[in-house]
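Undergrad: I have a structure I would like to understand better, so I am pasting it below and will then ask my questions one at a time.
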Amino acid sequence: MTPATDTPVGHADVRTTGSTDALPIAPALGLSLDAARMPRKSTLVTRRILLISVLAVILGVASAYVAQLLMLLINLITDLCYYGRISDVIGPNAKPGSFVLSPAGTSIGAWVILMPAIGGLTAGIMARWGSRAIQGHGIPEAMEQILTNESNIPARMTWLKPVSSAFAIGTGGPFGAEGPIISTGGALGSLIGQLLRVTANERKVLLAAGAAAGMAAVFGAPVASLVLAVELLLFELRPRSLIPVALATVTAVGVRYASYGAGPVFPMPDVPEPGSVALAGFVLIGGLVGYASIWVTRAVYGVEDLFEKLPIHWMWWPLIGALVAGLVGWIDPRTLGVGYDNIDALVQGHFGLTVLLSFGALKFVSWVISLGSGTSGGTLAPLFMIGGSLGAVLAIGLNHALPGFHIDLRIAALVGMAAIFAGSSRALLTAVVFAFETTRQPAALLPLLGGCTAAYLISALIMRNTIMTEKIARRGVRVPSEYAADYLEQVAVGDVCSREVVTLKAAQTLAEVRPWLNDGAPETRHQGFPVVDEAGRVYGVLTRRTLLDPQWHYTQTLGELVTREPIAVTESHSLREAADHMVAEKVGRLIVVGKDDSRRLVGILTRGDILAAHARRLREARESSRHLRFRDGLKPRPAAGDLMEGYGHARGSKKS
């Protein structure tokens, strides 16, 4: 047979090729469904994971040494600015091991006020003529690149962020070094991902691996660093991302152990197991600190909003914030710099009530104004000092009001540290595991879990965005706030597809089919029709547009028009696999075939079926019901319907 036009038989017309309103047809006349395009077989990981894991290990080593280099640079600047020498850091009299030089012992007097201004001005200049992305603590910026830019961080960030942070912190800025190190490690991972041919997901994993390795190298906390990457960067818990990031953190901590030994970063004397009454006190302290974390977050962004109203260029804002930090540092030099020694003092119980009150308040003022001004620096250490001081003060108050509680001030300080981070960032597991790994105190685990959970609860109830997400949320970036198993992965195609399908015979001619289509009956209104042979086996798929196309002669059989293998899915595939297959093939419906017989037609799956499957998920989340009643002798009530009722799908309806 020949078509009514000059177009050769079997030639795909532009009006049918690439159509998204029905199943497409593709070349290969006579192909059986054995050759049909099926979704890829799902696997937890592929061999690509080996390459990404090797790169992650390399990143772990690189990030660990970058962390050491940044800490060295911060110490050098601190030694030079506050003590007029570098011998404390380099030379025969240099301090051994891992340490952070504190400006608190300086004797330069009122010159302390001006020292942080040097770092603030440097940070402002580098942000003005380098990249404004260096402002802040780095994690929100990394999150934004992951969510909006396929994890592509500009290469210049690998040196702009650490150098600007080294000057800002080394001159006395009240920040932690962990934020810049995390940001730099992430930028390094992104750079490797941009130099090599990898997918956007793999680049995200490399970014997270570098960031987590940087944190692990600073604190010797591989598990907490891994969990941080999951909660704040990866937004998933999958083997393809978990394995490389875990290897990177282990490698980074291995480098740290080789360089400095395996001791805890914040050594803490052994503490006794708390009693049940004390445990209740720690939960209360965690809840109160969690409430305070909400106001800490609001204060940071409130100050940022105030700086936005200043009638001067934003390049000068860090200078103003640094002058405030210098003034506060003149009052209490312990507020200057990284301050890891202050965390040591808090968890060892060396601070009394007066010091706790003054130091906590002054550190809060200094850090909030400096960070809000746009200086480059980290948030974790300052939060720990503020939260630790508040936790210890609350413990003193509870012990005074309720002496029977017997709350250990050292554990209370540790709970306060972790709780303020859990509340402000809503990284619950990171806060608990981090506090444990950095102190190695198993007796504190239960108070940490109770206190951080209370803080997390209060924060989740009251605060919409966190200290990590507020900045990018204001820019319109939607950040995932919770992670759940993909519901579509749990539903099989065979459970929701329509099994009564309108089919056409391969032996039918267009002369027979076209009048039927033009009849307007309900079963003729579909956009695609499976074509079967005499035995009922799937032969192919034809669209309504093809059947009515005038270029095909009315004497042609439908079998002659089938020129592509159908795009199909088996009844055992998941709806996630089917949905991905639809997107990949740019179609709105799939033929469903038997699991064991690829030519046995089972049904049709449409986009509407996939959306309707979510009805059960929504019903389970929103509808409350009682299934046992005491008056009925605890007998279960009859089910509201069969398993598929929640899908909102009329199984008897005909589709194609």
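The values are calculated or read from the model by the stated rules, or taken from the named source; none is laboratory data. Predicted, not measured: the structure shown is a model, and the values here were computed from it. Note that each Cβ is placed from the backbone with ideal geometry, even for glycine, and that neighbours are counted across all protein chains shown. Calculation scope for accessible area: heavy atoms of the full protein, side chains included, ligands and nucleic acids excluded. Shrake-Rupley method; radii C 1.70, N 1.55, O 1.52, S 1.80 Å.
Undergrad: Please work out the Cα center distance from the stretch 231-285 to the stretch 52-67, rounded to the nearest Å.
TA: Between the Cα centres of the stretch 231-285 and the stretch 52-67 lies a distance of 19 Å.
Undergrad: So with the 1.4 Å probe, I'd like the accessible area per residue for the stretch 349-437, rounded to whole Å².
TA: I get 27 Å² per residue for this part.
Undergrad: Also, quick follow-up: Around Gly540, which amide H atoms from residues at least 5 apart in sequence, or from another chain, sit under 5 Å from its own amide H, with H modelled in the peptide plane?
TA: Excluding prolines and chain starts, which carry no amide H, the hits are Val531.
Undergrad: Once amide H atoms are placed 1.01 Å from N in the peptide plane, what residues at a sequence separation of 5 or more from Ile567, or on another chain, have their amide H within under 5 Å of its amide H?
TA: HN-HN under 5 Å from Ile567: Ile591.
Undergrad: When the accessible area of the chain is split by element with a 1.4 Å probe, what percent falls to carbon and sulfur?
TA: Of the solvent-accessible surface of the chain, carbon and sulfur hold 61 percent.
Undergrad: For semi-axes √(5λ) of the Cα gyration tensor in Å, the choices are [x] 61, 30, 21; [y] 59, 42, 26; [z] 49, 31, 21; which was calculated from the structure?
TA: Checked against the structure: label [x].
Undergrad: Along the Cα→Cβ direction, 7 angstrom out, place labels at Leu50 and Ala621. What is the inter-label distance in nm?
TA: About 4.0 nm separates the two model spin labels.
Undergrad: In percent, how large is the relative contact order of the stretch 101-209, given Cα pairs closer than 8 Å and 6 or more residues apart?
TA: 30
Undergrad: What whole number of Å gives the distance from the Cα centroid of the stretch 304-355 to the Cα centroid of the stretch 483-502?
TA: Value for the Cα centre distance between the two parts: 55 Å.
Undergrad: Let me ask something else. Quick check on packing: order 203-211, 71-79 by the mean number of other C-beta atoms within 10 Å, highest mean leading.
TA: 203-211, 71-79
Undergrad: Please label the shape of the stretch 64-148 as rounded, prolate or oblate, based on the square roots a ≥ b ≥ c of the eigenvalues of the alpha-carbon gyration tensor (a/c under 1.5 means rounded; beyond that, a/b larger than b/c means prolate, else oblate).
TA: Oblate shape, in that a/c is at least 1.5 and b/c is the bigger or equal ratio.
Undergrad: Right, something else. In Å, what Rg and Dmax follow from the Cα atoms of the stretch 358-457?
TA: Considering the stretch 358-457 through its Cα atoms, Rg and Dmax are 13.8, 46 Å.
Undergrad: Compute the accessible area per residue over the stretch 456-571, keeping the other protein chains in place, probe 1.4 Å, unit Å². It would help to have the intermediate numbers written out before the result.
TA: On the way: 5410 Å² over 116 residues.
Result: 47 Å² per residue.
Undergrad: Long-range amide H contacts for Gly172: which residues qualify at under 5 Å (H placed 1.01 Å from N, peptide plane, sequence gap of 5 or more or a different chain)?
TA: Gly337
Undergrad: Give the calculated FRET efficiency between His400 and Ala361 to the nearest 0.05, with a Förster radius of 25 Å applied to their Cβ-Cβ distance.
TA: 0.80
Undergrad: In whole Hz, what ³J(HN,Hα) sequence does the stretch 102-109 give by Karplus (6.51, -1.76, 1.60; θ = phi - 60°), x for Gly and Pro?
TA: Karplus values, whole Hz, x for Gly and Pro: 9, x, 4, x, 5, 10, 8, x.
Undergrad: What's the ranking of 276-285, 591-600, 473-482, 509-518 by average number of surrounding C-beta atoms within 10 Å, highest first? Please list the in-between numbers first.
TA: Values: 276-285: 20.4, 591-600: 18.0, 473-482: 11.8, 509-518: 15.0.
Highest-to-lowest ranking by the protection proxy: 276-285, 591-600, 509-518, 473-482.
Undergrad: Taking a ≥ b ≥ c as the square roots of the Cα gyration tensor eigenvalues, with a/c under 1.5 meaning rounded and otherwise prolate when a/b beats b/c, else oblate, which class fits the stretch 124-232?
TA: Oblate.
Undergrad: Next question. Over 22 Å between C-alpha atoms is what I'm after, so list which of Lys161/Lys471; Lys95/Lys161; Lys309/Lys471 land there.
TA: Over 22 Å apart, Cα to Cα: Lys95/Lys161.
Undergrad: Which of rounded, prolate, oblate describes the stretch 38-99, given a ≥ b ≥ c as roots of the alpha-carbon gyration tensor eigenvalues and a/c under 1.5 marking rounded, otherwise prolate only if a/b is larger than b/c?
TA: On the way: a/c = 6.70, a/b = 4.29, b/c = 1.56.
Since a/c reaches 1.5 and a/b is larger than b/c, the shape of the stretch 38-99 is classed as prolate.
Undergrad: Round to a whole angstrom and tell me the spacing of the C-alpha centers of the stretch 560-613 and the stretch 362-412.
TA: 57
Undergrad: A follow-up question, please. Just to check I understand the Karplus step: with θ = phi - 60° and J = 6.51 cos²θ - 1.76 cosθ + 1.60, what whole-Hz values come out for the stretch 133-147, glycine and proline as x?
TA: 5, 6, 5, x, 9, x, 5, x, 5, 5, 4, 5, 5, 5, 7
Undergrad: Which order do the peptides 243-255, 310-322, 357-369 come out in when sorted by mean C-beta neighbours inside 10 angstrom, highest first?
TA: Values: 243-255: 25.3, 310-322: 18.9, 357-369: 21.8.
The peptides rank, most packed first, as 243-255, 357-369, 310-322.
Undergrad: Also, I was wondering about something else. Can you work out the Karplus-derived ³J(HN,Hα) for every residue in the stretch 335-348? Use 6.51 cos²θ - 1.76 cosθ + 1.60 with θ = phi - 60°, whole Hz, and x for glycine or proline.
TA: Ordered by residue, 3J(HN,Hα) equals 7, 7, x, 5, x, 4, 5, 5, 5, 4, 5, 5, 6, 9 Hz.
Undergrad: So with the 1.4 Å probe, I'd like the accessible area per residue for the stretch 196-272, rounded to whole Å². It would help to have the intermediate numbers written out before the result.
TA: Details: 2640 Å² over 77 residues.
Each residue of the stretch 196-272 exposes 34 Å² on average to a 1.4 Å probe.
Undergrad: Related question: Do the sum for the chain: with -39,500 (n - 2.57) for every DSSP H run of n ≥ 4, divided by all residues, what is the mean residue ellipticity at 222 nm, to the nearest 500 deg cm²/dmol?
TA: Using -39500 (n - 2.57) per qualifying helix, the result is -17000 deg cm²/dmol.
Undergrad: Percentage of Cα-Cα pair distances in the stretch 31-183 greater than 23 Å, rounded to whole percent?
TA: 51
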